[in-house]
DNA sequence: TTCACAACGTGACCTAAGTCACATACCGCT
DNA sequence: AGCGGTATGTGACTTAGGTCACGTTGTGAA
């Protein structure tokens, strides 16, 4: 793909960057490199040093932590028009990357080298404002995550996750195993809840994907245990 | 206390701010207000809007989330020489404060109004650098927290927390209830582990405080379950 | 001193969710 | 059609840790 087309797509995906001060914009355009990742590629390993400010134009990456026992928990995802904020934080503070990142689908990204990033942070108020704005959002979402993991039961979290991943057609293209890894749990437990909900008519699961049939019911359930599904050995 | 003395103490606690560009420093000094909180006072409520950049000169505040059932989990603490980074993030992004903050001890703080904060962020590279330097640490610590809550068992987390809170004399001035709230658990469970460890000679608990007697043992335990304590009904 | 109250100790019990060990079922190849 | 690999279904079991319901003890104010 020609460079002009890439630049156009990039700036369309990041309209804020098209609004920068002219000199800042020039510097940004001159220094940014485009890059591709294949599905499954590792974008960053735990402990790696970050050298670029990374903007995702297309595809999606998944940032997660792994436990010694091989379980994982997803911290957040980066989709088109989003930046990998954790990378930013590492750039600013000079820390190594404290998690791991992989491509969930083929990814097209724009990468701005560290030196230019730092110069723009100094010279361009708009660039700075954009970067810091993203930063706050990640903080909030991590705090929400802590809250969820500490206090919400797995079934509620699963219900919410299904709704978050479902397209307008209700399809969630993930295996039970992948959902388990996102939530920091194990496959069997996820399968249990899903088959329970399948019996209730809320979802239907196929091989490699789940279809959400009754979003409102699932949402009510995910919001606060309103309608008790009849468990295997439930009373009354 | 006279204003000069306050200013001196403040700048001693935040040496980086004493090194600002002269005009920036003047603006900072002119706009900063000092404030006190008593132990137990609420510094920020969930959802509140932040109007100040807050620097802690003395005392300590505790930032935490509360669940509907009244359990809590501590996100981080702010001590002398530290700033409340979450506040900063809210200032920059204009978000409401996504958690709650209380004073764990009487607090003396310096507060810089939002307008001046934003102006200094633009005009003073040194100030900006200082603010952003603090920024990265909070993200890393939140990610560590997610990791812990998702994967570490409560006994390990408690062991680590005791070591983190213990002074050089090994004293942790918290009640079982407070430790439970920090960790997102309940008092009975904390008491169980503590009395177990007291039987092992690792700690001694008094009313309102715990003394860590054997830091190395507790550290080994907290690091990874090396020496199994003999549980009530444990085999062999 | 006594009384209220906060902190702690403790046993009995319950439940979410992880572990183990399978049995299927489906999908793409040859 | 048959086969290996991946995805799913399911039961039996275990366990960390939360809940309940107490009893005990220290402590500071009246």
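The values are calculated or read from the model by the stated rules, or taken from the named source; none is laboratory data. Keep in mind the model is a prediction, meaning the values are calculated, not measured. In this analysis, Cβ positions are derived from the backbone assuming ideal geometry, glycine residues included, and neighbour counts consider all displayed protein chains.
Structure notes:
- Among residues of region A:165-180 that are more than 14 Å from every other protein chain (Cβ to nearest Cβ) and under 22 Å from residue B:151 (Cβ atoms), those with a Cβ under 9 angstrom from a residue that is more than 8 Å from DNA strand D (Cβ to nearest atom) and in a strand (DSSP E or B), sequence gap 6+ or separate chain, pair up as A:179/A:172.
- Selection status of residue A:88, buried (at least 23 other Cβ atoms within 10 Å of the Cβ) and in contact with a helix residue (DSSP H, G or I) (Cβ under 8 Å, 6 or more places away or on another chain): yes
- Enumeration of residues in region A:148-161 that are touching a helix residue (DSSP H, G or I) at 6+ places or on another chain (Cβ under 9 Å) and facing chain B (nearest Cβ under 7 Å): A:149, A:150
- Looking only at region B:124-147, residues that are surrounded by fewer than 19 Cβ atoms within 10 Å (Cβ to Cβ) and at the interface with chain A (Cβ under 10 Å from one of its Cβ atoms) come to 9 in all.
- Annotation: residue B:102 fulfils all but one of (1) more than 15 Å from residue B:48 (Cα to Cα); (2) within 16 Å of DNA strand C (Cβ to nearest atom); (3) under 18 Å from the mean Cα position of the chain (by Cα); the unmet one is (1).
- As a summary of the residue check, residue A:113 satisfies the conditions (1) surrounded by fewer than 19 Cβ atoms within 10 Å (Cβ to Cβ); (2) under 21 Å from residue B:147 (Cα atoms) except for the one numbered (2).
- Beta carbons closer than 6 Å, at least 6 apart along the sequence or on distinct chains, pair a first residue in region B:184-208 that is within 14 Å of chain A (Cβ to nearest Cβ) with a second that is more than 8 Å from DNA strand D (Cβ to nearest atom) and not in a helix (DSSP H, G or I) for B:184/B:73.
- Filter result for the condition that a residue is within 14 Å of another protein chain (Cβ to nearest Cβ) and touching a residue at least 24 places away in the same chain (Cβ under 8 Å), over A:37, A:112, A:17, A:75: A:75
- Residue B:141 vs. criteria under 25 Å from residue A:84 (Cβ atoms) and either within 13 Å of DNA strand C (Cβ to nearest atom) or at pLDDT below 95 (or both): yes
- Filter result for residue B:107 (at negative phi, surrounded by 17 or more Cβ atoms within 10 Å (Cβ to Cβ) and within 16 Å of DNA strand D (Cβ to nearest atom)): no
- Residues satisfying the stated conditions in region A:181-203, i.e. more than 9 Å from DNA strand D (Cβ to nearest atom) and either at pLDDT 95 or above or loosely packed, with under 15 Cβ neighbours inside 10 Å (or both): A:181, A:182, A:183, A:184, A:185, A:186, A:193, A:197, A:201, A:202, A:203
- Listed conditions (1) in contact (Cβ under 8 Å) with a residue 40 or more places away in the chain; (2) closer than 17 Å to residue A:17 by Cβ; (3) at the interface with chain B (Cβ under 8 Å from one of its Cβ atoms) are all met by residue A:99, apart from (2).
- Of the residues A:155, A:182, the single one that is under 30 Å from residue B:46 (Cα atoms) and more than 11 Å from DNA strand C (Cβ to nearest atom) is A:182.
- Summed over region B:20-34, residues that are touching a residue at least 24 places away in the same chain (Cβ under 8 Å) and out of contact with any helix residue (DSSP H, G or I) (no Cβ under 9 Å at 6 or more places or on another chain) total 1.
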